[in-house]
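To keep things clear, I will list the structure first and then write my remarks on it.
The values are calculated or read from the model by the stated rules, or taken from the named source; none is laboratory data. Computed from a predicted structure; not experimentally measured. As a convention, Cβ positions derive from the backbone with ideal geometry for all residues, glycine included, and neighbour counts pool all protein chains shown.
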Amino acid sequence: MTATDPTDAVVRAYLARHPDATVIALGEGLENGFWRLDNGRLTWLTVVPPETAALRRMLLPDGARRRTVACATGGHGWLDAVREPWRGVVVTAPGVLTRLPRPAVRALVAACAERFPGGALVFDAPSWWAAGLADAHPGVAAVRTRRPAGPRHRLPVLRALRPVVWEVRFAAERRRTAGTRRGDGAGPAA
């Protein structure tokens with residue numbers, strides 16, 4: 001990751017709106033996202049498999065606003081580690097969703113949309129399938145692509161070599177499904 005990485009740009013924009021948010025970095029390994037993006041107020045959770053968590057804690061010990069959570073890739077145990085979701089939550093998953101089967105991706109998007117209304121999920125994907133999965137959930141408010149800035153990414157040949165970064169914004173309230181009305185008991189009230 002670099003300072004011009006589109007994932008970082010999406011997280012910075014989210015933090016500008018929600019400076020006390022929790023950033024959840026799925027599959028971060030030994031990356032340094034906290035130090036690149038720290039605004040002095042955020043809380044950072046790095047979610048990695050147990051064998052990686054032990055190494056990360058040894059090399060990058062947890063701090064007051066930065067913790068490592070041991071959880072298998074595709075698992076949802078880390079959801080309970082978010083202590084103040086009402087302050088905002090942005091989940092980053094670069095390189096993670098493309099390694100998961102479709103049902104696991106659907107389950108992750110659904111779990112995040114349910115637990116973190118008003119939050120966001122940022123991931124890279126070389127194809128449209130992941131964005132389609134995200135957009136199909138009623139808790140998803142918007143799906144947008146984010147490309148890196150700079151002249152080298154304006155060239156079609158070079159742009160095609162880099163995966164697109166997707167930003168999925170979760171609705172503050174769940175969308176109603178067709179045929180439901182406010183207060184009829186058939187669906188969530190708006």
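Exactly one residue out of Ala136, Ala120, Ala131 is at pLDDT 85 or above and among the small types (Gly, Ala, Ser), and it is Ala120.
Return the total of residues in segment 1-49 being among the hydrophobic types (A, V, I, L, M, F, W, C), surrounded by 14 or more Cβ atoms within 10 Å (Cβ to Cβ) and closer than 15 Å to Gly63 by Cβ. The number of residues fulfilling the criteria is 7.
Taking first residues from segment 51-70 that are farther than 22 Å from Ala21 by Cα and partners that are in a loop (DSSP other than H, G, I, E, B) and not small (Gly, Ala, Ser), the Cβ contacts under 7 Å between residues at least 6 apart in sequence or on separate chains come to Arg56/Leu30; Leu59/Leu30. Take the residues in segment 35-76 that are of a type in the set (Lys, Arg) and within 25 Å of Thr98 (Cβ to Cβ), then tell me which one is nearest to the chain's Cα centre (by Cα). By that ranking, first place goes to Arg36. Here is a check on your reading of the model: is Ala13 in contact (Cβ under 8 Å) with a residue 24 or more places away in the chain, closer than 22 Å to Val109 by Cβ and not in a loop (DSSP other than H, G, I, E, B)? Against the criterion (in contact (Cβ under 8 Å) with a residue 24 or more places away in the chain, closer than 22 Å to Val109 by Cβ and not in a loop (DSSP other than H, G, I, E, B)), Ala13 does not qualify. Going residue by residue through segment 1-10, is there one that turns out to be of a type outside the set (Ser, Thr, Tyr), part of a helix (DSSP H, G or I) and over 12 Å from the mean Cα position of the chain (by Cα)? Yes: one or more hits. Among residues that are farther than 24 Å from Pro85 by Cβ and among the polar types (S, T, N, Q), Asn32 is included.
A quick yes/no check of all residues on (1) out of contact with any strand residue (DSSP E or B) (no Cβ under 6 Å at 6 or more places or on another chain); (2) not aliphatic (A, V, I, L, M):
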site: Leu79; (1), (2): yes, no
site: Val82; (1), (2): no, no
site: Val89; (1), (2): no, no
site: Gly95; (1), (2): yes, yes
site: Leu100; (1), (2): yes, no
site: Arg106; (1), (2): yes, yes
site: Val122; (1), (2): no, no
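The set of residues in segment 84-112 that are at pLDDT 95 or above and either farther than 28 Å from Pro19 by Cβ or of a type in the set (D, E, K, R) (or both) comprises Glu84, Arg87.
When the test is whether a residue is within 17 Å of Val165 (Cα to Cα) and assigned to a strand (DSSP E or B), Thr46 does not pass it. Could you figure out which of (1) touching a strand residue (DSSP E or B) at 6+ places or on another chain (Cβ under 7 Å); (2) in a loop (DSSP other than H, G, I, E, B) isn't true of Thr68? Among (1) touching a strand residue (DSSP E or B) at 6+ places or on another chain (Cβ under 7 Å); (2) in a loop (DSSP other than H, G, I, E, B), Thr68 violates only (2). Residues that are more than 19 Å from Val165 (Cα to Cα) and touching a residue at least 12 places away in the same chain (Cβ under 8 Å) are absent from segment 89-97 altogether.
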